[in-house]
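Quick notes on the structure that follows.
The values are calculated or read from the model by the stated rules, or taken from the named source; none is laboratory data. In this text, all values refer to a predicted model and were calculated from it rather than measured experimentally. Cβ atoms come from the backbone with ideal geometry, glycine included; neighbour counts cover every protein chain shown. In case anyone asks, the SASA skips ligands and DNA or RNA and just uses the protein heavy atoms, side chains included. Shrake-Rupley method; radii C 1.70, N 1.55, O 1.52, S 1.80 Å.
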Amino acid sequence: MRAIKGLAFDLDGVIADSATLHFAAWKRLADELGIPFTAEDNEALKGVDRINSLRHILKLGQRDLPDDEIARLAARKNGFYVDAISTLTADALLPGAAALLDEAATRGLRIGLASASRNAPALLERLGVADAFEFIADPANHLPKPAPDLFLACARAFGLPPQAMIGFEDAPAGIEAIRAAGFRAVGIGETPLPRADIQFATLADIDLAALLG
Ligand code: B16
Ligand code: MG
């Protein structure tokens, strides 16, 4: 087996405790539109990019809207979300995130971010971990998950083959993206991710030496 030399992390639900903030922002928009939207409905949106998330909610409400109205609503949701993250601090890091990033850096691993969120750079700054990431894949320039593109961009940036990379994800769409990229897929969170190679409840449960071995 080829040695692992690089890690690519999802952000919301893996590094940052921000998935609940995305849900709250979508819920507020759905309420305004009179579309019933539950935490269970929200599971299908995890890791899904902004416009496709909104299209999913509109489908739940059997609404068909013109593209300019969809763009306006997506911007409105983003305003709610940007407000919500504007006051976050390192307290919003998920358990084990800071320690794992530190240990990975100490071991000389390359560290990239493969998030669908266009707010990722701002959120990393708020969390105080922006400097831990050598590369941030830009979702504006890549196909959304479950396409492998965001993860492959990390491998390419590091000049590493997919077999030398591990991806970390909390969402089914993200696990599919990691698999399609040819990385090893580590699932994070309590919700079962049967397509992951291995799953941990949080990053704090990972023994990095064992995972690399
Ligand atoms: P934005 P991840 C994803 O981030 C979130 O899981 C998903 O809920 C969100 O819709 C998507 O980012 C887009 O975020 O609206 O901020 O561009 O999990 O891929 O880090
Ligand atoms: Mg996620």
Worksheet, complete the sentence: Dividing the surface of the Cα convex hull of the chain by four yields a projected area in nm² of 11.1 nm²
Discussion item. Restricting to Cα pairs below 8 Å that are 6+ residues apart, what does the relative contact order work out to for the chain? Please round to a whole percent.
Written reply: 28 percent
Worksheet item: Taking the Cα centre of region 19-85 as origin and charging only Cβ (+1 Lys, Arg; -1 Asp, Glu), how large is the dipole, in debye to the nearest 20?
Response: 80 debye
Worksheet item: So what does the Cα-only Debye profile of region 135-210 read at q = 0.12, 0.17, 0.18 Å⁻¹, as log10 I(q)/I(0), no solvent term?
Response: -0.31, -0.62, -0.69
Worksheet item: Of the residues Ala201, Ala16, Ala155, which exhibits the maximal mean-square fluctuation in a Gaussian network model of the chain defined by a 10 Å Cα contact cut-off?
Response: Ala201
Discussion item. What number does region 19-85 give for Rg over Rh if you use C-alpha atoms and the Kirkwood radius?
Written reply: 0.91
Item to complete: Could you run the Karplus curve 6.51 cos²θ - 1.76 cosθ + 1.60 with θ = phi - 60° over region 160-170 and give me ³J(HN,Hα) per residue in whole Hz, x for Gly and Pro?
Response: 10, x, x, 5, 9, 10, 10, x, 10, 8, 10
Worksheet entry | Added length on full extension, which subtracts the Cα-Cα distance from 0.36 nm per residue, Asp68 to Ala84 | 3.3 nm
Fill in: Residues of region 97-213: accessible area per residue with a 1.4 Å probe, Å²
43 Å²
Worksheet item: Helix 172-181 sits at what angle to the longest principal axis of the chain, using alpha carbons and giving 0 to 90 degrees rounded to 10?
Response: 40 degrees
Worksheet entry | Gaussian network model of the chain, springs between alpha carbon atoms under 10 Å - residue of Ile51, Ile188, Ile111 with greatest fluctuation | Ile51
Worksheet item: Counting Lys +1, Arg +1, Asp -1, Glu -1, what net charge surrounds Ala19 among other residues with beta carbon under 11 Å of its beta carbon?
Response: -4
Worksheet item: Using the alpha-carbon atoms, what tilt in degrees (0 to 90, nearest 10) does helix 67-85 show relative to the longest principal axis of the chain?
Response: 60 degrees
Worksheet, complete the sentence: Scalar couplings 3J(HN,Hα) for region 96-110 by Karplus 6.51 cos²θ - 1.76 cosθ + 1.60 (θ = phi - 60°), nearest whole Hz, x for Gly and Pro, are x, 5, 4, 5, 5, 4, 4, 5, 4, 5, 4, 7, x, 6, 7
Response to the item:
In degrees rounded to 10, the 0-90 angle between helix 50-60 Cα long axis and the longest Cα principal axis of the chain is 50 degrees
